[in-house]
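Below: the structure, in structure tokens.
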Amino acid sequence: MRRRLIAGNWKMNTHWNEALTLVAELVHTEAQENWADTDVAIFPPSLYSRHAIEFIQNAKSGIAVGVQNCASTENGAYTGELSASMIREIGAKAVLIGHSERREYFQETNETLLAKTKLALSAQLTPYFCCGELLQDRKSDQHKEVVTRQLSSTVLTLSKEDMLTTVIAYEPVWAIGTGETASPEQAQEMHALIRQLIADAFGREVADVVRILYGGSMKPDNADALLSQPDVDGGLIGGASLKAADFSAIIRA
Ligand code: PEP
């Protein structure tokens with residue numbers, strides 16, 4: 001049985017005070033509501049991660065903190081980069097890898113993303129590996145091929161143990177930050193495909209365990225329909241994770 005997982009990607013949003021307030025509001029809401037059936041993770045800007053981790057630990061909260069990116073090398077002369085082991089050392093639990101914004105604006109290739117994924121896993125971080133097609137791929141009916149290629153050259157080459165630790169986020173690029181969301185049927189079709197790819201590579205027992213999140217304009221009013229799909233195990237939420245009320249409404253959905 002897969003536990004539901006709801007994760008918030010704050011991107012390059014919030015300033016210091018807003019970030020602290022948002023963490024405090026989430027911890028407060030968690031204490032008032034029953035989130036026992038759901039794992040919750042947040043991915044604030046990395047500059048704020050350490051503080052978020054300390055706050056969450058002091059409050060004995062179950063919210064996990066991750067970061068939005070890590071370097072594809074272990075250490076050295078890579079100005080501005082943060083290694084997976086540094087991220088783990090500050091108490092973070094997870095890292096987003098291959099978000100479409102990183103692929104597009106930072107030209108991250110599948111080869112780089114695989115290197116990041118392996119470094120994250122060896123640092124005992126959970127990689128949230130993002131995949132998803134562009135609008136033109138969907139329009140030309142190439143969405144399944146595109147996602148299959150993204151996964152075949154990356155996570156599907158991992159060891160079984162590493163695959164079991166990895167979370168996949170299916171995020172159709174045309175739905176990210178656009179207000180347009182995949183229909184529950186479209187999401188289910190792609191999640192079932194991804195699960196089948198995992199089953200083909202690692203066996204059905206592994207495929208039945210790996211969590212596959214949907215991301216792309218998930219909001220309180222569409223979360224229930226998306227999350228009721230059998231292969232949708234949770235959500236990776238951008239915009240709606242910046243308001244504690246919206247994020248917690250999705251957790252409750
Ligand atoms: C995301 O960036 O991962 C995302 C899903 O964003 P949004 O929810 O704003 O579409």
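The values are calculated or read from the model by the stated rules, or taken from the named source; none is laboratory data. Since this is a predicted model, take the numbers as computed values, not measurements. Counting neighbours? That spans all protein chains shown, and the Cβs are built from the backbone with ideal geometry, glycine included.
Determine which member of the set GLY91, GLY76, GLY80, GLY66 is under 18 Å from the mean Cα position of the chain (by Cα) and either among the hydroxyl-bearing types (Ser, Thr, Tyr) or assigned to a loop (DSSP other than H, G, I, E, B) (or both).
Answer to the selection: GLY91.
Could you list, in sequence order, the residues of segment 141-169 that are under 17 Å from GLU104 (Cβ atoms) and within 16 Å of the ligand (Cβ to nearest atom)?
Correct list: VAL147, GLN150, ALA169.
Is it true that ASP162 is touching a Leu at 6+ places or on another chain (Cβ under 9 Å), surrounded by fewer than 15 Cβ atoms within 10 Å (Cβ to Cβ) and at pLDDT 95 or above?
It is false that ASP162 is touching a Leu at 6+ places or on another chain (Cβ under 9 Å), surrounded by fewer than 15 Cβ atoms within 10 Å (Cβ to Cβ) and at pLDDT 95 or above.
Are any of the residues in segment 16-28 touching a helix residue (DSSP H, G or I) at 6+ places or on another chain (Cβ under 7 Å) and either within 16 Å of the ligand (Cβ to nearest atom) or under 19 Å from ARG88 (Cα atoms) (or both)?
yes
Of all residues in segment 115-140, how many are in a helix (DSSP H, G or I) and more than 16 Å from the ligand (Cβ to nearest atom)?
Final tally of qualifying residues: 11.
Do the conditions hold for GLN186, that is, is it within 16 Å of the ligand (Cβ to nearest atom), more than 21 Å from PHE43 (Cβ to Cβ) and either crowded, with 20+ Cβ neighbours inside 10 Å or free of Cβ contacts under 8 Å to residues at least 40 places away in the same chain (or both)?
yes
Applying the selection to segment 193-226, what residues are away from the ligand (no atom under 16 Å from the Cβ), part of a loop (DSSP other than H, G, I, E, B) and surrounded by 20 or more Cβ atoms within 10 Å (Cβ to Cβ)?
VAL210
Give the residues of segment 21-57 that are of a type in the set (Gly, Ala, Ser), outside any helix (DSSP H, G or I) and modelled with pLDDT of 95 or more, sorted by residue number.
Within segment 21-57, ALA41 is the sole residue that qualifies.
Within segment 135-157, count every residue that is of a type in the set (A, V, I, L, M, F, W, C) and under 18 Å from the mean Cα position of the chain (by Cα).
We begin by selecting, within segment 135-157, every residue of a type in the set (A, V, I, L, M, F, W, C); these are 135, 146-147, 151, 155-156.
Now restrict to residues that are under 18 Å from the mean Cα position of the chain (by Cα): 147, 151, 155-156.
The total comes to 4.
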